[in-house]
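Notes for the one structure printed next.
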Amino acid sequence: MLPRINRITKDKEYELVFKTGRSRYSELLGVKAVKTGISHSRFGIIVSNKISKQAITRNRLKRQFREILKQESGRIKPGYDIVIIAQAGIIGKSGAEIKAAIMRQFEQLRLLNS
């Protein structure tokens, strides 16, 4: 579990990211990010019922996303609200493929420290 300080929790915060944030999408996932100016980055994860009707599958994906974010938190620039949106192509992919996709999207959005 990500610490509470690193989670987007309110609907208004999600709305801000969706309305004003930059985005990148691939066949596996989408990433939306907006600069907030706070001293740390916060994350939101969306895995809808369209991805899988089974809660076990959706929850497994969310756990994988959170673990990747924990591992790579040192490389991610502070001061952003970032939402990761799972796409249908992500089902059946390995953890390494998911991590590579996330890091590629973060790199394209310039969210990684150099």
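The angle between the Cα long axis of helix 55-71 and the longest principal axis of the Cα atoms of the chain comes to about 40 degrees, rounded to the nearest 10.
Annotation for the stretch 26-114: GluC sites (Glu not before Pro) lying in DSSP loop with at most 16 further Cβ atoms inside 10 Å of their Cβ are GLU27, GLU72.
Stokes-Einstein D for the chain at 37 °C, 0.692 mPa s, Kirkwood Rh over Cα pairs, in µm²/s? Rounded to a whole number, D works out at 232 µm²/s. In the chain, the longest principal axis of the Cα atoms and the axis of helix 95-108 are about 30 degrees apart.
Electrostatic bookkeeping for ILE91 treats Lys and Arg as +1 and Asp and Glu as -1; over the other residues with beta carbon under 13 Å from its beta carbon, the sum is +3. Given ALA55, ASN113, ALA101, which one lies farthest toward the positive end of the charge dipole of the chain, if we put +1 on the Cβ of every Lys and Arg and -1 on the Cβ of every Asp and Glu? After comparing all options, I get ALA55. When each of THR36, THR20 is scored by the number of other beta-carbon atoms lying within 10 Å, the sequence from fewest to most is THR20, THR36.
When ASP81, ASP11 are arranged by Cβ crowding within 10 Å, least crowded first, meaning fewest neighbours, the order is ASP11, ASP81.
With 24 Å as the limit on Cα-Cα distance, the pairs of LYS19/LYS70; LYS53/LYS93; LYS32/LYS62; LYS35/LYS93; LYS50/LYS77; LYS19/LYS99 that go past it are LYS19/LYS70; LYS35/LYS93; LYS50/LYS77; LYS19/LYS99.
All other residues whose Cβ lies under 15 angstrom from that of SER23 are scored, Lys and Arg at +1 and Asp and Glu at -1, for a net of +3. The magnitude of the dipole of the stretch 4-108, with charges of +1 and -1 set on the Cβ of Lys/Arg and Asp/Glu and taken from the Cα centre, is near 200 debye. Computed from the Kirkwood radius of its Cα pairs, the Stokes-Einstein diffusion coefficient for the stretch 55-114 at 4 °C and 1.567 mPa s stands at 106 µm²/s. Taking amide hydrogens as placed 1.01 Å from N in the peptide plane, the amide H of LEU112 sits under 5 Å from those of LYS77, each at least 5 positions away in sequence or on another chain.
Bear in mind these aren't lab numbers, they're just calculated from the coordinates by the rules spelled out. Since we're looking at a predicted model, the values are computed, not measured. Reconstructed Cβ throughout: ideal geometry from the backbone, glycine too, with neighbour counts over all protein chains shown.
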